[in-house]
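Read through the structure below, which is laid out as structure tokens, and then see the notes.
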Amino acid sequence: MEKKVTVIGAGNVGATTAQRIAEKELADVVLLDVVEGIPQGKGLDLFESSPVEGFNARVIGTQDYDETRDSDLVIVTAGVTRKPGMSRDDLLMTNAKIVGEVVEQAVLRSPDAILLVVTNPLDVMCAVAKKVSGFPREKVIGMAGVLDSARFRSFLAMELDVSVENVSAMVMGGHGDSMVPLPRYTTVAGIPVTQLLPQKTIDELIRRTRNGGAEIVNLLKSGSAFYAPSAAVAEMAESILKDQKKILPSSAYLMGEYGIDGVYIGVPVKLGAGGIEQILEIELSETERSLLHSSAEDVRATLSRLGQS
Ligand code: APR
């Protein structure tokens, strides 16, 4: 294919992302992992599905960064998930080290790539990727808002018993407890959701959205969500690879927008061939703005614990 995508981390999110990108024929895919055999096995298995599914994308699995050379897009899902006894800060330190290492290796081979970061804690890992790569902010983007919005859209569609495709939602802020869902910018076939549901119900669905990742972890017992996260990554990847210029909530490095400076946070952006082509500054109420600011302060505090402020 014309385009080449590297997915680093062949776990649940990485492998499912590779599958979605190959099946949509967005690009040839290189799946890379540190564990020997896993990326090779999953890559070959995925490629062997292509005659049946009828897609024409080459897929390979590897541990060798040289195979990733000249990628248009590098998706970072490598990391560990939180184990019993591991503090949030332990997870932070471990994943920062992993993301730093993989980004360093990847950008050496693909200096013109766009980096799409998925590893948690998301907004902080984006900062690590930006620092290590030395890339401009247009080219280092985090996936969170599309996933959080998809969860909010799903819950709204279930509540209203309408098609999920009718529901359009906007979720800003950090990926975590401090995310900022915006009901005023959430519509059902163009109708603001605030006209369709009582505030109490909207608040309940917002609470469920904030807790969306944990809800899946509690059900699965081991491991975390991957179908919806990989779908969200694939939508962002498609907008970039096909230069669709979709407006999607994404984690972006702000330089004064919304009165926030020097931190990654979820905001609506236009994604095209150049990566982030525009950061949209929408009008926020006082409450929404202060929620966004406190979300940004949370990210900043985590960054300073990492010594990256
Ligand atoms: N280089 C390459 N791959 C690595 C490295 C490394 N240095 N360190 C870990 N990995 C790989 C692991 O071997 C594993 O295959 O990253 C993969 C992570 O996969 P999973 O444990 O299945 O985690 P997953 O559910 O895919 O989530 C990955 O995405 O949504 C986020 O919170 C999630 O941070 C997590 C990430």
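Values in this text are rule-based calculations from the coordinates and carry no lab data. All values derive from a computational prediction rather than experimental measurement. Virtual Cβ from ideal backbone geometry, glycine too; neighbours counted across all protein chains shown.
Between Glu53 and Ala157, the contour length at 0.36 nm per residue exceeds the Cα-Cα span by 34.5 nm.
Arranged by the count of other C-beta atoms within 10 angstrom, fewest first, what order do Val7, Val263, Val164 take?
Starting with the residue having the fewest Cβ neighbours, the order is Val164, Val263, Val7.
The shape of region 19-176 comes out oblate: with a ≥ b ≥ c from the C-alpha gyration tensor, a/c is at least 1.5 while a/b does not beat b/c.
Applying the Karplus relation 6.51 cos²θ - 1.76 cosθ + 1.60 with θ = phi - 60° to region 139-153 yields 3J(HN,Hα) values of 10, 10, 10, x, 9, 7, x, 5, 5, 4, 5, 5, 5, 4, 4 Hz, where x marks Gly and Pro.
Ordering Leu91, Val29, Val102 by the projection of their Cα atoms onto the charge dipole of region 4-142, which places +1 on the Cβ of Lys and Arg and -1 on the Cβ of Asp and Glu, puts Leu91 at the extreme positive end.
The string of couplings for region 99-116 from the Karplus curve (6.51, -1.76, 1.60, θ = phi - 60°) is 4, x, 5, 5, 5, 4, 5, 5, 6, 4, 8, 10, x, 9, 6, 9, 9, 10 Hz, one whole number per residue in order, with x for Gly and Pro.
In whole percents, the pair-distance distribution calculated for region 1-88 from its alpha-carbon pairs, binned every 5 Å from zero, is 3, 16, 27, 24, 15, 7, 4, 3, 1, 0. Dipole magnitude for region 145-306: computed about the Cα centre from +1 point charges on Lys and Arg Cβ and -1 point charges on Asp and Glu Cβ, it is near 300 debye.
Distance from the Cα centroid of region 69-114 to that of region 186-201 is 38 Å (rounded to whole angstrom).
Taken over region 261-309, the percentage of Cα pairs per 5 Å bin, counting from 0 up to the bin with the maximum distance, is 5, 18, 21, 20, 17, 15, 5. Choose one of Gln195, Ser163, Gln19: the residue whose Cα lies farthest towards the positive end of the charge dipole of the chain (beta-carbon charges +1 Lys, Arg; -1 Asp, Glu; about the Cα centre). After comparing all options, I get Gln195.
Over all directions, how big on average is the projection of the convex hull of the alpha-carbon atoms in the chain, in square nanometres?
Averaged projected hull area, Cα only: 15.5 nm².
From most to least packed by mean Cβ count within 10 Å, the peptides 37-43, 248-254, 115-121, 233-239 give 115-121, 248-254, 233-239, 37-43. How large is ³J(HN,Hα), in whole Hz, for each residue of region 169-185 in order, when computed from phi with the Karplus curve 6.51 cos²θ - 1.76 cosθ + 1.60 and θ = phi - 60°, using x for Gly and Pro? For region 169-185, the Karplus curve yields 9, 10, 10, 10, x, x, 8, x, 4, 9, 5, 10, x, 10, x, 5, 9 Hz. Between amide H atoms placed 1.01 Å from N, distances below 5 Å from Lys3 occur with Asp28, all of them 5 or more places distant or on a separate chain. Eigenvalues of the alpha-carbon gyration tensor of region 101-250, scaled by 5 and square-rooted, set the equivalent ellipsoid semi-axes at 30, 17, 13 angstrom, largest first. Packing order of peptides 267-277, 208-218, highest average first: 267-277, 208-218 (average count of other Cβ atoms within 10 Å over each peptide's residues).
Distance between the 7 Å Cα→Cβ label points at Lys221 and Ala189: 4.3 nm.
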